[in-house]
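The values are calculated or read from the model by the stated rules, or taken from the named source; none is laboratory data. Bear in mind the structure is a predicted one, so any value in this text is a computation, not a measurement. Here Cβ is always computed from backbone atoms with ideal geometry, including for glycine, and neighbour counts include all displayed protein chains.
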Amino acid sequence: MKPTAPLAVGAHSPLHHGSASRRSLLRGIAAAALAVPAASVLAACGDDDKSSTDPNAPVELSIFWWGGDARAKMTEDALALYTAKHPNVTFKKTWQANAGYYDKLATLTAGGNAPDIFQIDDGALSEYAERNQTLDLSKYADSNKLDKSKILPGLWQAGVVEGKPAGVPMGENTPGMIYDKGLLKTLGLPEPTTGMTWDALIAWATQVTTKSGGKVFGTMDPSADYKALWVWLRQQGKQLYDGKKIGASAEDLTKWFDLWKGARDTKAAPPADVVHTANAGAVANQLVVTGKAATSFMWANQLPELQKATKSELGVVAYPGDPSGQWARAALYFSVYKGSKHADVAVDVLNFLVNDVEAGKILGTDRGLNANTDVRTAVASTLKDSAATAAQFETDLASKFGTPPAVPPKGHVKVRSLLITYAENVGYGKATSAAAADAFLKEANAALAG
Amino acid sequence: MQPSLAELGPRTDAGPLAPSRAARRRGSSRRGEATAGYVFLSPWLLGFLGITALPMIFSLILSFTNYELLDDWSQIQFVGFKNYQRMFTEDPHYWHSVGVTLRYALIAVPLKLAAALGVALLLRRDRKGNGLFRGLFYLPSLLGGSVALALVWLAMFSRDGAFNAFLGIFGIQGRPWVNDPDWSLSTLIVLAVWQFGAPMVIFLAGLKQIPVELYEAASVDGAGRSRQFWHITLPMLSPVLFFNLVMEVIHGFQGFTGAYVLSNGEGGPVDSTLMYTLYLYVAGFTDFKMAYASAMAWVFLLVIGVITAGLFATGRHWVHYSDGGDK
């Protein structure tokens, strides 16, 4: 700075410099603020323009499922095999536990950001298909790009909503009562059998509770479990759903709630708070795993997952009552998002996952018995331990299955949670069986209608 | 007050000989400053418009429709006040959730403020180690609405949890607290009260502002501890108390995370923890009834607004500003 400069100027000129550089800084920020979104807009446009018809153009498919570590490993390996065969196709894989899965899927879908491929079950398939969020697979099935010739017709049909195939069934399962074999051996009690009546189960369970000195309750109380209720209703010639209504009467439901109230009163089943922890559905909280009860009401294909969570040996039988109450159910599906930019590739991936024998061997029976009969035969010989037990159980039971019911209607998810609420109301002693039955019927029917 | 050099700077620079030029310059630099101001504001402004104002207006519109989460836009129909009507007259869960939320807020807020004030009074003096204690008491608030904390609560207050093991030492048979519909809400209230650190820090700051002379004068006049508290501490602290009260009431009504985690997102057992915000979430994202959830959100906003306005109205009678700020 020149010493001749007047003092006043000298005093404020650094400040002036300061404001000038501040201003240029501002200009810089403004420019950056404008440039950054502009650049990302350009980049986004670039992405959109990649809709080329070149079959070897790189494609990244997003895929989303729920499940545990084991399922993640199998699914990732099967997808890697697809990438090995089609190097231009890669996957953005996202998976999480069942809790919160549907909340996230719904949010993504509502925002138009649903994954290209997502796992879904019969609870939600109608919701998504009726709202036009799943890709109609008809034309792929007609042109054989999605080969359904070896897929069991009943399972394929279970993925058809309002005449349009909306999901590719990835497996078949059926309800299975999983029990603690190890514990029964220790206590010297007989194992439960397929075909034993509900009353016989409860009587047997009372023995277990007594013999274990009250430490382990004989059976889980499945009064809040829609599939247990459904099997029980079917054994009396009824259904859980009659079109868009509940197929059971208030008397049926009262009888059902009373049955389990009796079981709790005789200590065959644990108190409501213990049952409540299992009702949320997480495998780790099932009473047969936590050692609180000798049985859990699950799907048969979940046996290996439960077995992994406990040291005691587990076994599986049908739900009590006549096994004709059970049916072969499409365990879960993969669907393609209607808005997927790579729908053709996504369908090809599903075709691969369901029909390719190698892929089937990698996936195993984690999502249920394979839907493709050839794959099922090939996979059967590779199964080990509890996976083999579960598959054997289901294969043996197949001849006794009743006709499969219609796929649950839209509103099923709400009905499921209403049943939990009202069964627990009875369990905690907050409502009588009859009052809970009335309230459940009223609200469930409203949910199905709306 | 003397204008600072920075304010004078550009003016002296122009010089007194060119007033019109200076004025023009001043005008343009004002405009420039305004632009700069908006540029600096733009992140907030864009954020406010894009992720607060527009979605809010949108949700207000939605609340008069039949929109469900996954519907196409073409399926939307206006249904007038039907959502509001259903809420007030047909939905028992709605009034239930209002009751749960009121019980939660009315118990948790006073307890939390009392705990915060009590601990702040104990820690107000600069004794050795008080800094550490202030930090420790603040710690739970840092973890605040975290999911991890709620999970810890779930583990501690279940049937086989640490709390029952502790009670067991004294031969007391515990309850399955979080899984017992009669106690689950209380567990949530304890979780909320335990996080009293944030209001405590604000109380501490407020206590420091009270002139020591007031206490000295009072003790010369023979006022004991409790009289000093009621006649000096409390009135002098009332603006801070008012601030904390308003914040905590709003916070209390919005309680969500604890209830969500403890009940697996369902408000159980048997709806005992179905707080308003949780029911709103369930309605919107689990049941897909987004229009209904929007209507719930707007009623909620109005009610919190009315309650806050009510607090401000009562505040006039008991909040004392020592600089006469309430005049």
Of the conditions (1) within 14 Å of chain A (Cβ to nearest Cβ); (2) in contact with a helix residue (DSSP H, G or I) (Cβ under 8 Å, 6 or more places away or on another chain), the single one that B:Asp160 does not satisfy is (2)
Going by the structure shown, is B:Val109 touching a His at 6+ places or on another chain (Cβ under 9 Å) and closer than 21 Å to B:Ser184 by Cα?
yes
Within the set of pairs 6+ apart or on separate chains, which have a first residue in the range A:95-113 that is over 15 Å from B:Leu70 (Cα atoms), a second that is assigned to a helix (DSSP H, G or I) and at pLDDT 90 or above, and C-beta atoms under 6 Å apart?
A:Trp95/A:Ala72
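Please tell me if A:Val426 is out of contact with any strand residue (DSSP E or B) (no Cβ under 8 Å at 6 or more places or on another chain), part of a helix (DSSP H, G or I), surrounded by 20 or more Cβ atoms within 10 Å (Cβ to Cβ) and modelled with pLDDT of 95 or more.
Answer is yes for this residue.
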Within the range A:76-90, restricting attention to residues that are of a type in the set (A, V, I, L, M, F, W, C) and surrounded by fewer than 20 Cβ atoms within 10 Å (Cβ to Cβ), which residue is farthest from A:Arg329 (Cα to Cα)?
A:Ala84
Pair list, Cβ under 6 Å, 6 or more apart: the range B:177-198 residue under 14 Å from B:Val152 (Cβ atoms) and facing chain A (nearest Cβ under 10 Å), other residue in a helix (DSSP H, G or I) and at pLDDT below 90
B:Val178/B:Leu154; B:Val178/B:Leu262
Select, from A:Leu253, A:Leu229, A:Leu187, the only residue that is among the hydrophobic types (A, V, I, L, M, F, W, C), surrounded by fewer than 21 Cβ atoms within 10 Å (Cβ to Cβ) and touching a Phe, Trp or Tyr at 6+ places or on another chain (Cβ under 7 Å).
A:Leu229
Considering the range A:113-141 alone, what residues qualify as being basic (Lys, Arg) and within 11 Å of chain B (Cβ to nearest Cβ)?
A:Arg131
Going residue by residue through the range A:137-156, is there one that turns out to be within 19 Å of the chain's Cα centre (by Cα) and within 19 Å of A:Asp344 (Cα to Cα)?
no
Residue within the range A:94-112 that is part of a strand (DSSP E or B), surrounded by fewer than 20 Cβ atoms within 10 Å (Cβ to Cβ) and more than 14 Å from chain B (Cβ to nearest Cβ) present:
yes
Scope the range B:244-260; condition outside any helix (DSSP H, G or I) and either at pLDDT 95 or above or polar (S, T, N, Q) (or both); matching residues:
B:Gln254
Of the residues in the range B:274-297, those that are within 12 Å of chain A (Cβ to nearest Cβ) and either over 24 Å from the mean Cα position of the chain (by Cα) or assigned to a loop (DSSP other than H, G, I, E, B) (or both) come to B:Leu274, B:Thr286, B:Asp287, B:Phe288, B:Lys289, B:Met290, B:Ala291, B:Tyr292
Can you name every residue in the range A:414-450 that is at the interface with chain B (Cβ under 8 Å from one of its Cβ atoms), of a type in the set (Gly, Ala, Ser) and closer than 16 Å to A:Lys227 by Cα?
A:Ser417
Does B:Phe64 fit the bill of being within 13 Å of chain A (Cβ to nearest Cβ) and at pLDDT 90 or above?
no
In the range B:242-259, is there at least one residue being within 14 Å of chain A (Cβ to nearest Cβ) and polar (S, T, N, Q)?
yes
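Sort out for me the helices (runs of 4 or more DSSP H) sitting completely within the range B:140-221 that have 3 or more residues that are under 15 Å from B:Ser263 (Cβ atoms).
Answer list for the range B:140-221: B:147-156, B:184-194.
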Residues of the range B:199-224 satisfying the condition of being without any contact (Cβ under 8 Å) to a residue 12 or more places away in the chain and surrounded by 11 or more Cβ atoms within 10 Å (Cβ to Cβ)
B:Pro211, B:Ala217, B:Ser219, B:Ala223
For residues in the range A:271-297 being assigned to a loop (DSSP other than H, G, I, E, B) and buried (at least 21 other Cβ atoms within 10 Å of the Cβ), which is nearest to the other protein chains (Cβ to nearest Cβ)?
A:Lys292
From the list B:Ile57, B:Ile76, exactly one residue is modelled with pLDDT under 90 and more than 11 Å from chain A (Cβ to nearest Cβ). Which is it?
B:Ile76
Unique match (being modelled with pLDDT of 95 or more, of a type in the set (S, T, N, Q) and surrounded by 14 or more Cβ atoms within 10 Å (Cβ to Cβ)) among B:Ser238, B:Ser272, B:Ser294, B:Ser263:
B:Ser294
Would a scan of the range A:373-386 turn up a residue that is basic (Lys, Arg) and surrounded by fewer than 18 Cβ atoms within 10 Å (Cβ to Cβ)?
yes
Every residue in the range A:49-72 that is surrounded by fewer than 13 Cβ atoms within 10 Å (Cβ to Cβ) and part of a helix (DSSP H, G or I), please.
A:Asp69
